[in-house]
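Novice: One structure follows; several queries about it will come next.
Only the coordinates and a few stated rules stand behind these numbers; no lab work does. Note that the coordinates shown come from a computational prediction; the quantities given were computed from them, not determined experimentally. Note that each Cβ is placed from the backbone with ideal geometry, even for glycine, and that neighbours are counted across all protein chains shown.
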Amino acid sequence: MSDVMKKLNETVSFINAQINAKATVGVILGSGLGNFIDEVVIEKEINYKDIPHFPVSTVKGHSGKLILGSINGKKIWIMSGRFHFYEGYTPQQVTYPIRVLKLLGVEKLLLSNAAGSVNPNYEVGDLIIIKDHVSFFSANPLIGPNVEELGPRFPDMSEAYSKDIIKLAKSIAEKHQIKVQEGVYVAVTGPTFETRAEYQLIKVIGGDVVGMSTAQENIIAVHCGIKVFAMSVVTDIGIREDDNVITHEEVLIAAKGAEPKFSLLFRELAEALS
């Protein structure tokens, strides 16, 4: 057994001893989107710091808890707070919880994030369904020895985000008259917000939104056979005529403003997939 699998088994055994339940849907909440938890019944929660081999969230807006919740009796795993490469974690540490969720029985993963926009048709507060991503600017978490027990050496990424779940999400949004758009997410390392030239480059290569998470998590999920859906909340506009200055506080405020429609969509989507 590889060292990675040994650690994973220790983590999963600890969680199972604390929470004796099964759930096939997992949700990871991004910056400022933690109030989704208000939409579910919390059955049990564990602080990340108490979980063996788990990293700890250090970013404002990420509470740092693994939660078992339920929506109308259907159980889901929720990660309230995620980990980022810019915090000093390796890509393998950033994505470690994804493999834990897989071993806990998760088959479908809903990812959320706060993102900057380079698409002139987007506005602050818009919900963007991620249809694809560009991850060249962030380290691939599969670099190094492959964990054969979890997935292949060269995973196919032609459908990184599940078309079926995207279709379902769009139907839920239409039912509630929630405006959603589709776009390409470009992952960068952070923690600096992008320069004007970088925003221009992201636009040129086909990006619509840019952020500091999600792509590495997606890669590991796809590697181990989890179907993925991801949505960005536009929290700032990267390319503008005026001298815009972006702060993390503004990102959190914008995310909070979009939370009601985000939470409604994610709640119904999680319930439908469970």
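Novice: Could you line up I46, I67, I219 from fewest to most neighbouring Cβ atoms inside 10 Å?
Specialist: Values: I46 16, I67 20, I219 23.
With the sparsest Cβ surroundings first, the list reads I46, I67, I219.
Novice: Expressed in nm to one decimal, what extension gain is obtained for the pair A21 and Q200 from 0.36 nm per residue of sequence separation less their Cα-Cα distance? Don't jump to the answer; show the numbers that get you there.
Specialist: Values: separation 179, 0.36 × 179 = 64.44 nm, distance 4.70 nm.
Length gained, A21 through Q200: 59.7 nm.
Novice: Using 0.36 nm times the number of residues separating E123 and E10, minus their current alpha carbon distance, what extension gain do you get? Walk me through the intermediate numbers first.
Specialist: Numbers: separation 113, 0.36 × 113 = 40.68 nm, distance 4.43 nm.
Stretched out fully, the E123 to E10 stretch lengthens by 36.2 nm.
Novice: Let me ask another. May I ask you to sort L142, L101, L264 by Cβ crowding, counting other Cβ atoms within 10 Å and putting the fewest first? Could you put the intermediate results ahead of the total?
Specialist: On the way: L142 22, L101 26, L264 16.
Ascending Cβ contact count within 10 Å gives the list L264, L142, L101.
Novice: Right, here's the next one. At most 16 other Cβ atoms within 10 Å and a DSSP loop assignment: could you name the GluC sites (Glu not before Pro) in region 128-189 that fit? Kindly include the intermediate steps, with their values, before the conclusion.
Specialist: Working: sites: E148, E149, E159, E174, E182; in loops: E148, E149, E159.
Qualifying residues, ordered by number: E148, E149, E159.
Novice: At 222 nm, what value in deg cm²/dmol follows for the chain if DSSP H runs of at least 4 each add -39500 (n - 2.57) and the sum is divided by all its residues, to the nearest 500? Provide the component values of the computation, followed by the final result.
Specialist: Working: 6 runs with 86 residues, N = 274.
For the chain, the value works out to -10000 deg cm²/dmol.
Novice: Using mean Cβ contacts within 10 Å as the protection proxy, how do 134-140, 17-23 order, highest first? List each step's numbers first, then the result.
Specialist: Working: 134-140: 16.4, 17-23: 14.4.
Going by the mean number of other Cβ atoms within 10 Å, highest first, we get 134-140, 17-23.
Novice: Once the dipole of region 3-273 is set up with Lys and Arg at +1 and Asp and Glu at -1 on Cβ about the Cα centre, which of I128, L110, T24 lies farthest towards its positive end?
Specialist: Positive-most Cα among the choices belongs to T24.
Novice: Kindly point out which whole DSSP H helices in the chain project their C-alpha atoms 24 angstrom or further along the helix axis while averaging a Kyte-Doolittle hydropathy of -0.5 or above.
Specialist: Details: long enough: 248-273 (33 Å, 0.25).
Those that clear 24 Å and a mean of -0.5 are 248-273.
Novice: Can you tell me how much longer the chain between E249 and K179 gets when fully stretched, taken as 0.36 nm per residue apart minus their C-alpha distance, in nm with one decimal?
Specialist: Length difference between fully extended and current span is 22.7 nm.
Novice: Take T95, T235, T192, T214 and order them by how many other Cβ atoms sit within 10 Å, fewest up front.
Specialist: Fewest-to-most ranking of T95, T235, T192, T214: T192, T95, T214, T235.
Novice: Straight-line reach only, C-alpha to C-alpha below 27 angstrom: list the lysines that K163 could link to, leaving out same-chain residues fewer than 8 apart.
Specialist: Within the straight-line cut-off, K163 pairs with K22, K74, K75, K102, K108, K131, K175, K179, K203, K227, K261.
Novice: Given an 8 Å cut-off on Cα distances and at least 6 residues of separation, report the relative contact order of region 3-273 as a percent.
Specialist: Reported relative contact order: 26 percent.
Novice: Using only Cα atoms, figure out Rg for the chain and give it as a multiple of 2.2 N^0.38 Å.
Specialist: Details: Rg = 17.6 Å, N = 274, 2.2 N^0.38 = 18.6 Å.
Its radius of gyration relative to the 2.2 N^0.38 Å reference: 0.95.
Novice: Additional query: So what's the gap between the Cα centers of region 48-99 and region 142-220, to the nearest angstrom?
Specialist: 18 Å
Novice: How high is the FRET efficiency from E148 to T58, r the C-beta distance, R0 25 Å, rounded to 0.05? Each step should come with its number before you reach the end.
Specialist: Values: r = 32 Å, r/R0 = 1.29.
The calculated FRET efficiency here is 0.20.
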